[in-house]
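Presented below is the structure to which this report refers.
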Amino acid sequence: MQTVSAELPLDLDRAAAWERMRDLSVANNYVPGLSTITFVGPRREGVGTHRRVRMYGLMTLDETVIEWREGAGLTLQLSRGGKRPMPVLREQFFDYALEERDGGMWLVNTMRYETGLGALGALIDRLVLRRVMARQLDHITLAQKLYYESGRRATPEMLKAAESRLAAGE
């Protein structure tokens, strides 16, 4: 299983951050390219919650909550109709977590995935996939921070300004 992670401090306490995180209907406010969210079944939170998301108007993914850590985080398993999330991936999981460090709250996101296709999949991961996943996770985590702290949808302009501030060490 391959792992990429991203983490940023949050200017929120645990309760406020968890209220944002637990609302699985608002990911389109911080996941770039996510256009629609549809729940499959009656659950809206907790283990077994299943939602279908549409990315970039082209790809539909199923996301199922397989772990729910009240006040601390959750894990989604990604698939396409119960099949591989993407042709090169056997499995993919997205872990959202809140951690207290140095007297503050941190948003910690981890993408875990396993490639298929044997040696070819491993090569694709090493040459391209790992960097793409890491960059995507960095964008999601920054946009999530912006949304959590402001309550407003993270726009490309907000992301660009925040990336510039981070690069400048602010």
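The values are calculated or read from the model by the stated rules, or taken from the named source; none is laboratory data. Keep in mind the model is a prediction, meaning the values are calculated, not measured. Here the Cβ positions follow ideal geometry from the backbone for every residue, glycine too, while neighbour counts run over all protein chains shown.
Kindly indicate whether Met21 is aliphatic (A, V, I, L, M), touching a helix residue (DSSP H, G or I) at 6+ places or on another chain (Cβ under 8 Å) and touching a residue at least 60 places away in the same chain (Cβ under 8 Å).
So Met21 passes the test.
Looking only at region 87-96, decide whether some residue is out of contact with any strand residue (DSSP E or B) (no Cβ under 8 Å at 6 or more places or on another chain) and not polar (S, T, N, Q). If you could, list the steps in order and put the result at the bottom.
Step one: of region 87-96, the residues out of contact with any strand residue (DSSP E or B) (no Cβ under 8 Å at 6 or more places or on another chain) are 87.
From the residues that got through so far, the ones that are not polar (S, T, N, Q) too are 87.
Yes: region 87-96 contains one or more residues that are out of contact with any strand residue (DSSP E or B) (no Cβ under 8 Å at 6 or more places or on another chain) and not polar (S, T, N, Q).
Give me the residue from region 99-113 that is within 24 Å of Arg52 (Cα to Cα) and modelled with pLDDT of 95 or more and, out of that set, surrounded by the most Cβ atoms within 10 Å (Cβ to Cβ).
Checking each candidate, the answer is Leu107.
Looking at Pro42, Pro9, which one is out of contact with any Ser or Thr (no Cβ under 8 Å at 6 or more places or on another chain) and in contact (Cβ under 8 Å) with a residue 12 or more places away in the chain? First the steps, then the outcome.
Details: Pro42 fails: in contact (Cβ under 8 Å) with a residue 12 or more places away in the chain.
None of the other options fit; the residue is Pro9.
Checking the condition out of contact with any Ser or Thr (no Cβ under 8 Å at 6 or more places or on another chain), under 15 Å from Leu8 (Cα atoms) and of a type outside the set (D, E, K, R), which residue from Leu127, Leu166 passes?
Leu166
Could you run through region 114-170 and say how many residues are assigned to a loop (DSSP other than H, G, I, E, B), farther than 22 Å from Phe94 by Cβ and of a type in the set (Lys, Arg)?
So the answer is 1.
Name the residue, out of Arg101, Arg165, Arg131, Arg84, that is of a type in the set (D, E, K, R) and within 16 Å of the chain's Cα centre (by Cα).
On the way: Arg101 fails: within 16 Å of the chain's Cα centre (by Cα); Arg165 fails: within 16 Å of the chain's Cα centre (by Cα); Arg84 fails: within 16 Å of the chain's Cα centre (by Cα).
Sole residue among the options that is of a type in the set (D, E, K, R) and within 16 Å of the chain's Cα centre (by Cα): Arg131.
Output the residues belonging to region 29-49 that are in a strand (DSSP E or B), closer than 20 Å to Ile140 by Cα and not aliphatic (A, V, I, L, M).
Of everything in region 29-49, those that are in a strand (DSSP E or B), closer than 20 Å to Ile140 by Cα and not aliphatic (A, V, I, L, M) turn out to be Ser35, Thr36, Thr38.
Sort out which residues of region 21-49 are surrounded by fewer than 16 Cβ atoms within 10 Å (Cβ to Cβ) and of a type in the set (Lys, Arg), and write them in order of number.
Within region 21-49, Arg43, Arg44 qualify.
Leu89: surrounded by 19 or more Cβ atoms within 10 Å (Cβ to Cβ) and at pLDDT 95 or above, yes or no?
Answer is no for this residue.
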